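A.B. asks: Got a structure for you, questions after.
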Amino acid sequence: MAGPTTAERGERQKLESGPPRPPFTGRLPRPRTLIILLIALVLIVTGSLWALYGTQWLRVEKVSVSGVRVLTVQQVREAADAPVGSPLISVDTDAIEARLRRKLSRIDTVDVVRSWPHGIGLKVTERTPVLILKNPGNGGKYVEVDAKGVRFATVSVAPKNVPALELTVSRSTGSLRRFPADRLVREAVRVAGDIPAAVARDTRTVKVRSYDSISLELAGGRTVEWGSGEKGRAKARTLTALMKAAPRARHFDVSVPTAPASSGS
């Protein structure tokens with residue numbers, strides 16, 4: 001039996017491929033239209049650049065400061081040295097942040113933001129002292145130490161409710177060679193952060209004799225032998241329970257939190 005003819009195969013292919021597509025009737029943009037669109041785009045870009053850099057509309061006119069507690073707004077503004085009068089878009093916010101942190105050690109973090117259309121905003125977070133270190137070599141002033149162990153400011157008057165730090169490490173024991181003073185300061189800060197809130201209010205001094213011999217002096221002459229900065233949370237819980245069980249005791253030892261002791265009355 002003979003197969004389909006060439007004409008029949010052609011008709012079958014037309015049926016399988018569906019109805020013919022209509023011819024393309026769209027028109028490409030004329031060269032004149034393209035030129036007009038290109039000119040409009042150039043004008044928009046040029047106008048935007050002029051508004052950002054060339055006009056007086058978007059220039060720095062004021063610098064606002066928030067978050068200060070000890071520092072003054074004027075101190076922060078002067079240290080920031082923001083380029084008043086310059087185009088707001090061209091202000092180097094990273095450079096202002098670095099300048100503030102370098103000049104004002106009391107600043108922990110600072111966010112420098114553009115406040116359109118005319119301002120720069122400085123959102124400051126100051127360091128908070130958790131310990132103060134007596135500095136006899138500087139007229140009896142105090143050095144404030146924050147929760148990271150950073151010594152960030154020297155003050156004439158000790159801040160209220162901040163314990164004093166006393167380093168009484170004997171050089172003859174070699175402890176300072178194993179644990180330098182900065183390391184011991186960080187351990188004292190670690191202990192200060194773990195002290196229960198009720199005890200922290202009564203803590204007057206944190207004494208460091210060595211890495212594993214840290215003690216607290218409380219109001220009323222009471223003392224706490226804390227030991228090292230390790231297992232701080234366990235020691236805090238043990239101290240709270242021990243003080244409740246022996247409210248008249250004068251001396252507490254939680255250096256080994258699983259075997260605490262109290263004495264005196």
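The values are calculated or read from the model by the stated rules, or taken from the named source; none is laboratory data. None of these values were measured; they are calculated from a predicted model. Don't worry about glycine lacking a Cβ; one is built from the backbone with ideal geometry, like all the others, and counts go over all protein chains shown.
A.B. asks: With the structure loaded, tell me whether Leu167 is among the aliphatic types (A, V, I, L, M), modelled with pLDDT of 95 or more and closer than 22 Å to Arg222 by Cα or whether it fails that test.
C.D. replies: Considered against the rule, which asks whether it is among the aliphatic types (A, V, I, L, M), modelled with pLDDT of 95 or more and closer than 22 Å to Arg222 by Cα, Leu167 comes out as no.
A.B. asks: Looking at (1) touching a strand residue (DSSP E or B) at 6+ places or on another chain (Cβ under 9 Å); (2) surrounded by fewer than 20 Cβ atoms within 10 Å (Cβ to Cβ); (3) farther than 23 Å from Ile132 by Cβ, find the lone condition where Val254 falls short.
C.D. replies: All conditions are met except number (2).
A.B. asks: Only one of Arg183, Arg151, Arg190 is farther than 14 Å from Pro129 by Cα and within 23 Å of the chain's Cα centre (by Cα). Can you tell me which?
C.D. replies: Residue meeting the stated conditions: Arg183.
A.B. asks: Considering only region 111-129, state which residues are crowded, with 19+ Cβ neighbours inside 10 Å, under 30 Å from Val191 (Cβ atoms) and either free of Cβ contacts under 8 Å to residues at least 40 places away in the same chain or hydroxyl-bearing (Ser, Thr, Tyr) (or both).
C.D. replies: Arg127, Pro129
A.B. asks: Are any of the residues in region 87-97 of a type in the set (S, T, N, Q), surrounded by 14 or more Cβ atoms within 10 Å (Cβ to Cβ), within 20 Å of Glu61 (Cβ to Cβ) and under 17 Å from the mean Cα position of the chain (by Cα)?
C.D. replies: Yes - at least one qualifying residue is present in region 87-97.
A.B. asks: For Thr46, indicate whether it is at pLDDT below 95, of a type in the set (Ser, Thr, Tyr) and either under 27 Å from Leu184 (Cβ atoms) or in a helix (DSSP H, G or I) (or both).
C.D. replies: Answer is yes for this residue.
A.B. asks: Output the strands (runs of 3 or more DSSP E) that fall wholly within region 162-265 and possess 3 or more residues being without any contact (Cβ under 8 Å) to a residue 12 or more places away in the chain, or say none.
C.D. replies: So the answer is none; nothing clears 3.
A.B. asks: Please state which of the following conditions Gly220 fails to meet, knowing it meets all the rest: (1) modelled with pLDDT of 95 or more; (2) within 38 Å of the chain's Cα centre (by Cα).
C.D. replies: (1)
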